[in-house]
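Data block below; observations after.
The values are calculated or read from the model by the stated rules, or taken from the named source; none is laboratory data. Predicted, not measured: the structure shown is a model, and the values here were computed from it. Because the Cβ atoms are built from the backbone with ideal geometry, glycine has one as well, and the counts that use them run over all protein chains shown. Calculation scope for accessible area: heavy atoms of the full protein, side chains included, ligands and nucleic acids excluded. Shrake-Rupley method; radii C 1.70, N 1.55, O 1.52, S 1.80 Å.
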Amino acid sequence: MKYLTLLLFTLLLGACRTTAKLPETDRILADLRLANSYFMEKWPDTGKRIVTNKSRASNIWTRAVYYEGLMALHRLDPQPAYYDYAVDWATFHNWDLRDGDTYTRNADNQCAGQTYIELYQIDPQPERIKSIKASIDSMMNTDKIDDWNWIDAIQMGMPIFAQLGVLYDDPAYFERMYQMYSFAKNEHGDNGLYNPADHLWWRDADFDPPYTEPNGEDAYWSRGNGWVVMALARVLELIPEDEPHRAEYVQDFKDMMAALLKVQREDGFWNVSLHDPTHFGGKETSGTAMFVYGMAWGVNNNILDRKTYVPALTKGWNAITKDALHDNGFLGYLQSTGKEPKDGQPLSYDKIPDFEDYGLGAFLLAGTEVYKLAN
């Protein structure tokens, strides 16, 4: 009898652990609107310079990532205010890149081009695509492929090549994109920035072995790996099924997702240091949102197994909306800009990071995919 009672209890406990549900679609959309409204109301002037430790143009990478999320929200919830907000921003900057540097090779400064291209696809006015195409084409006119020497750059720049390749039906963009991705993966640092044993990425050459975290493990920064997850999902959504390197991107994506599944916290978040939970361990919103986005996108596109990943992404999404999203739309537990776990610490529910925009962009991307999954 005791055995039967224990067995029943175990089964019930297991069921409780696996029956966490996503919110209704109305609730998901309400949370997305809330977070986005908070930001749009805080930044009504889309061209206003961003002042933290110094003054920066409002089309830097942090803001560009927000607009990636806003465009995803607009596709789900096509409110004219969202479109106008994005167009006002791009128009203020003359549809050019940071500080008017059209021919930059810096992926951070090219990131705004992802939104410019999406807006061009809605209304194909030549000025909308002129600068970002010129920037990428100037790179294509050289043999240099080592620009992405930090993994954030993969998200900032890689999807632009995919967008242009599709838009102009030109596989040369896909091939150059792969060459640059492969160089970052296999060549930068001592042996590339990707560890095929752990299926995770070191942020840049400063963090590959022999560098370790305090517990002796490899240094895998959560948001850094989140950038790669975002890039792969956005690229795979765009490129053709028969693109020659698609299978490698899919395998890298699946391998990363499996590795990330193993290190999710019990509360649904991911630590800033993926293999050292004692190194500034705790709730962190941006990396968590990126991983939820990747998992939800992967399930929605039949790349990831639903039974395996829906419980994890559900736990992650519910953790963000329950523990990080304020009643006014502010997102807490967001790590400030940086490149490693210690940057911007300590985090808290109320602490305002140096930039709020990229975390919101990741949240909007995650939420739009979670909405599709719950619909």
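Under a point spin-label approximation (7 Å from Cα along Cα-to-Cβ), what is the Arg306-Thr104 distance to one decimal in nm?
4.2 nm
Among Leu200, Asn186, Phe269, pick out the residue whose Cα is farthest towards the positive end of the charge dipole of the stretch 181-287, where Lys and Arg carry +1 and Asp and Glu carry -1 on C-beta, about the Cα centre.
Phe269
Considering only Cα-Cα distances, which of the following residue pairs are longer than 32 Å: Lys144/Lys262; Lys133/Lys339; Lys48/Lys133; Lys254/Lys283; Lys21/Lys351? Don't skip to the end; give the middle numbers.
Details: Lys144/Lys262 37 Å; Lys133/Lys339 29 Å; Lys48/Lys133 25 Å; Lys254/Lys283 24 Å; Lys21/Lys351 29 Å.
Over 32 Å apart, Cα to Cα: Lys144/Lys262.
Any idea how far apart Ala172 and Leu34 come out in nm if each label point goes 7 Å out from Cα toward Cβ?
With each label placed 7 Å out from Cα toward Cβ, I get 5.0 nm.
What size of dipole, in debye to the nearest 20, comes out for the chain about its Cα centre when the only charges are +1 on Lys and Arg C-beta atoms and -1 on Asp and Glu C-beta atoms?
On the way: 36 positive and 54 negative charges, 229 e Å.
Rounded to the nearest 20 debye, it is 1100 debye.
With a probe of 1.4 Å, find how much accessible area the chain has per residue, and write the answer as a whole number in Å². Don't jump to the answer; show the numbers that get you there.
Working: 15680 Å² over 375 residues.
Using a 1.4 Å probe on heavy atoms only, each residue of the chain averages 42 Å².
Enumerate the whole-percent occupancy of each 10 Å bin, from 0 to the last occupied one, for all C-alpha pair distances of the chain.
Reading the bins upward from 0: 5, 25, 34, 25, 8, 2, 1, 0.
Using only helices, what value at 222 nm comes out for the chain when you add -39,500 (n - 2.57) per DSSP H run of length 4 or more and divide by the total residues, to the nearest 500 deg cm²/dmol?
Working: 14 runs with 206 residues, N = 375.
That comes out to -18000 deg cm²/dmol.
Report the full-extension gain for the segment Lys130 to Leu261: residue separation times 0.36 nm, less the Cα-Cα distance, to one decimal in nm.
Values: separation 131, 0.36 × 131 = 47.16 nm, distance 4.08 nm.
That pair, Lys130 and Leu261, stretches by 43.1 nm at full extension.
Run the quick spin-label model on Glu248 and Lys351: label points 7 Å from Cα toward the beta carbon, then report their separation in nm to one decimal.
3.9 nm
How large a share of the accessible area of the stretch 82-214, in percent, is made up of carbon and sulfur atoms when the probe is 1.4 Å and the other protein chains stay in place?
The C+S portion of the solvent-accessible surface of the stretch 82-214 is 47 percent.
Putting +1 on Lys and Arg Cβ atoms and -1 on Asp and Glu Cβ atoms, find which of Tyr103, Asn59, Ala72 reaches farthest to the positive end of the dipole of the stretch 34-157.
Highest projection toward the positive end goes to Asn59.
Roughly speaking, what is the stretch gain from Asp327 to Lys21, that is 0.36 nm per residue apart minus the C-alpha to C-alpha distance, in nm to one decimal?
Working: separation 306, 0.36 × 306 = 110.16 nm, distance 2.13 nm.
Here the answer is 108.0 nm.
In the Gaussian network model of the chain, springs joining C-alpha atoms below 10 Å, which of Pro244, Pro171, Pro23 carries the largest mean-square fluctuation?
Its mean-square fluctuation being the largest, the pick is Pro244.
Given Cβ point charges of +1 (Lys, Arg) and -1 (Asp, Glu) and nothing else, what value in debye, to the nearest 20, does the dipole of the stretch 286-375 about its Cα centre take? Could the numbers behind the result be given before it?
Details: 8 positive and 10 negative charges, 87 e Å.
Using Cβ point charges on Lys, Arg, Asp and Glu, the stretch 286-375 gives about 420 debye.
Search the structure for amide H atoms under 5 Å from the amide H of Leu200, placed 1.01 Å from N in the peptide plane, and list their residues when 5 or more places away or on another chain.
Asn195
Over the stretch 262-352, what percent of the accessible surface lies on carbon and sulfur atoms, probe 1.4 Å?
On the way: 1700 of 3550 Å².
Its accessible area is 48 percent carbon and sulfur atoms.
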